[in-house]
Amino acid sequence: MKILKDFTKRMFNLFFKRKREISLGFYGPPNSGKTSLANRICKDWTGEEIGKVSKMAHETRNIQFKEEVEIKYKEKSLKFKLVDTPGIATKIDYEDFMKMKMKKKQAQKRAKEATQGIIESIQWLDDMDAVVVVVDATQNPYSQVNITIIGNLISRNIPVLIVANKIDLKKADIKKIEAAFPEYEVVGISARYGKNMDEFYESIFKLAKKT
Ligand SMILES: Nc1nc2c(ncn2[C@@H]2O[C@H](COP(=O)(O)OP(=O)(O)OP(=O)(O)O)[C@@H](O)[C@H]2O)c(=O)[nH]1
Ligand SMILES: [Mg+2]
């Protein structure tokens, strides 16, 4: 059944490549900079933003997307649906939000919504043509969350690009990210400061070819 579905999708893509919009998901652990990156791309090409960025984890708790985003790279042009997803975590503790001065009731509500958000993120994988996994380059890449996300993408045959974000920070270690994901292309960027976005766009076009 899955093989048939993949085949049909591939044939459809082949025939309608020019008109089609590519669903591009931004996945990763909380706080890695998914919304920052999605906003930057959106701003670059439409002038608008997708959602709110915050230093508190689980800021995005619902899928948010922007359709018909046309990106140009070296005389080529592709249309994307950019899908920003809630950060995926293996453990959500409302007390962590309280440590950041949130009241108990509000923290519990945020934790509940964050859990629901993770479920939504996973459900939306079915709609993705390609996924950008955004990781924080200052954090240990060998985490349960990263393994779970990548495993899910492999099993669904979804093309992947890994973004090592926050390379403006001293602690950022791209080599470590590359070593953790040897089968994948890794692009180091700073979503906040717009560093290395050219290489990112080049990689996105390469990724689109695999869809
Ligand atoms: N130094 C630095 N900080 C960044 C960068 N990108 C994002 N941040 C910061 O990291 C924090 C989290 O950014 P978000 O874009 O909200 O992260 P997210 O992955 O969408 O987080 P959730 O929605 O909670 O899953 C914010 O304080 C951002 O300003 C970057 O390239 N460099
Ligand atoms: Mg977000």
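The values are calculated or read from the model by the stated rules, or taken from the named source; none is laboratory data. Bear in mind that the values here come from a model prediction, so they are computed numbers and not experimental data. When we count neighbours, we look across all protein chains shown, and the Cβ atoms used for this are built from the backbone with ideal geometry, even at glycine. The area values use the complete protein model at the heavy-atom level, side chains included, leaving out ligands, DNA and RNA. Shrake-Rupley method; radii C 1.70, N 1.55, O 1.52, S 1.80 Å.
The figures follow:
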| item | result |
| --- | --- |
| Between 0 and 90°, nearest 10: helix 104-124 axis offset from the chain longest Cα axis | 20 |
| DSSP bridge pairs, segment 1-101: antiparallel proportion in percent, nearest 5 | 55 |
| Computed [θ] at 222 nm, helices only, for the chain once each DSSP H run of length n ≥ 4 contributes -39500 (n - 2.57) | -13000 deg cm²/dmol |
| Accessible carbon and sulfur surface of segment 1-159 relative to its total accessible area, %, 1.4 Å | 54 |
| Cα lying deepest toward the dipole's positive end in the chain, options 69, 180, 89, charges on Cβ | 89 |
| The chain, relative contact order [Cα under 8 Å, separation at least 6], % | 21 |
| About the Cα centre, charge dipole magnitude for segment 48-118 (Lys/Arg +1, Asp/Glu -1 at Cβ), debye | 380 |
| Where only alpha carbons of segment 112-172 are counted, the Rg and the Dmax (Å) | 13.0, 37 |
| Cα gyration tensor category, rounded, prolate or oblate, for segment 1-104 with a/c compared to 1.5 | oblate |
| Global form of segment 143-211, assessed from the alpha-carbon gyration tensor, a/c cut-off 1.5 | oblate |
| Greater than 26 Å apart at Cα, pairs in 112/206; 52/101; 166/206; 5/209; 55/79 | 112/206; 55/79 |
| Within the chain, percent of DSSP bridges classed antiparallel, to nearest 5 | 30 |
| Diffusion coefficient, µm² s⁻¹, Stokes-Einstein with Kirkwood Rh over alpha-carbon pairs of segment 48-128 at 25 °C and 0.890 mPa s | 171 |
| Overall Cα dimensions of the chain - principal axes, largest extent first, Å | 54, 41, 35 |
| Accessible solvent surface per residue of the chain, calculated while the other protein chains remain in place, 1.4 angstrom probe, Å² | 57 |
